[in-house]
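The structure appears right after this line, and notes come after that.
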Amino acid sequence: MQHNWSRHLRLIIGFLIVCTAAGAFFGYPIYGLTAGLIGYLWWTLVQAKRLFRWLGNPGGTSEAPQSVGLWGDIFDSVHKLHQNHLRLQDQLRARINRVQESTNAMRDGVIMTDASGTMEWWNGSAEYLLGFRRNTDRGQYIHNLIRTPAFKAYFDARDYRESLEIHSPAKPHIRLQIQISLFGDDDRLIVAKDVTRLYQLEQMRRDFVGNVSHEMRTPLTVISGYLETLVDSANELPPKWQRAINTMAQQSSRMEALITDLILLSKIETGEQTLNDTVTDVEALLRQICHDASALSGDKQHDISVDITDQRLLKGDESQLRSAFSNLVFNAVKYTPAKGHITITWSANREGAHLSVRDTGIGIDPVHIPRLTERFYRADPSRHKETGGTGLGLAIVKHVLLNHDGNLEIRSRMGEGSEFICHFPRERLVERVPEKVS
């Protein structure tokens, strides 16, 4: 490139020298030089005009304008750059088309929006699942097309660690799982998956558990009643039958507890048990549970203490909260060795209210903690045989907390005890109204 520029510069200088020499031949060297400069300037302007027209419409002709010298090299270089640009553009367009074709082949709906929710692109499955129209919906706000309040709150929250399940706005019989990811300049990639079949199966499971539990309660009540009668009259039975009767009575009581927990969990999950969003006196509730826990401890003589550092009330259903709190406290009693310590703390800070149940029990291997709130999950099945646990207590706790916008945190190590913490948002705290003095 440097060699070509030097050659062109020499040619220009040589041309001007020739013009000057021709002017000198006629006795006017300055006129010759001026004429040469004017001629070269005119030729340069003509070539610049040709370049301007070609750059204004480069696709109008396949070949660059023809010229010689410096301008010929300029036209050739620009033409090569233009051809490279077109080739890269074709490659990029082919890749985009391939990505769009593969995305259109997906059964899941895929939508791209900007930070404000303006629709930019979506695949064919999104049109089917969500009812989008390609000709009219581009540039629309996605909130205008998916009007579910839960979706708008999820979109604006910017916390997409968990997915959202909603009914399709276009086909209400379709259940969708929405997952959003951030990319680029705060843009959103939204994936909508059809989970109708899973939702129906889950609903069938809940209905089955609820119905079977209700149907089993009546015959089990009859069996338990007769067993209680036999236990009361055990002294009149042969000795070989007494142990069998007592064992049957214990297992019958365990089955009754299991069915009671199943029915409660089913009601909470399906929403059959309406949330009574009144206010609950947590201090009074915890002291009552502590009293029941002391009775449950019996000969084990656990040291159970309650520490209340916040006197405000909690907005929530007292019966559900009682089930959740008592499950945590009674579990601490069951899994803490005799004369162990159990500390129940109710406190609040800027983030909200917190109930902590800490014990000096056997502890839990951290590998089991993520699954402890699953139904019937047992970190150590042998311990449940000893304690008579149903395996549903923590599942009930989790769903009660979800109903109250809270979450459960579990901290534990083997041999060092466990701590279960219920977190509630600060919006659920209500100031206690002072009692009027008569």
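The values are calculated or read from the model by the stated rules, or taken from the named source; none is laboratory data. These figures come from a predicted structure and were not determined experimentally. When we count neighbours, we look across all protein chains shown, and the Cβ atoms used for this are built from the backbone with ideal geometry, even at glycine. Just the protein is used for accessible areas: all its heavy atoms, side chains included, with ligands, DNA and RNA removed. Shrake-Rupley method; radii C 1.70, N 1.55, O 1.52, S 1.80 Å.
Observations on the model:
- Between GLN91 and TYR377, the simple label model (points 7 Å from Cα in the Cβ direction) yields a spacing of 4.9 nm.
- Overall shape: oblate for the range 210-320, with the ratio a/c of the largest to smallest alpha carbon gyration tensor axis at 1.5 or above and b/c at least equal to a/b.
- Per residue, the chain exposes an accessible area of 62 Å² to a 1.4 Å probe, with every protein chain left in place.
- Look at the alpha carbon pairs under 8 Å that are at least 6 residues apart: their mean separation over the length of the range 288-420 gives a relative contact order of 26 percent.
- Calculated on C-alpha atoms, the gyration radius of the chain divided by its Kirkwood radius gives an Rg/Rh of 1.34.
- Relative contact order of the chain, pairs being alpha-carbon contacts under 8 Å that are 6 or more residues apart, as %: 9 percent
- Placing a pseudo-label 7 Å from each Cα along the Cα-to-Cβ vector at ALA153 and ARG53 gives an inter-label distance of 6.6 nm.
- With Cα atoms, 0 to 90° folded angle of helix 29-56 axis to the chain main axis: 30 degrees
- For HIS143, HIS167, HIS404, the ranking by accessible surface with the largest value first comes to HIS167, HIS143, HIS404, using a 1.4 Å probe.
- Longest site-free stretch - the chain; sites: GluC sites (Glu not before Pro), DSSP loop, at most 10 other Cβ within 10 Å: 163-350
- For the chain, the longest principal axis of the Cα atoms and the long axis of helix 196-232 meet at an angle of about 10 degrees.
- Of the listed residues TYR335, TYR141, the order by accessible area with a 1.4 Å probe, largest first, is TYR141, TYR335.
- Pairwise Cα inverse-distance average, inverted: Kirkwood Rh of the range 35-191 (Å): 19.8 Å
- Among THR20, THR136, THR260: highest mean-square fluctuation, GNM of the chain, C-alpha pairs under 10 Å: THR20
- DSSP-assigned coil residues among chymotrypsin sites (Phe, Trp or Tyr not before Pro) in the range 6-83, each with at most 15 further Cβ atoms within 10 Å: PHE26
- In the range 80-124, the trypsin sites (Lys or Arg not before Pro) that fall in loop regions by DSSP, at most 16 other Cβ within 10 Å: ARG107
- Note on THR229 and ALA21: the model spin-label points, each 7 Å out from Cα along the C-beta direction, lie 13.8 nm apart.
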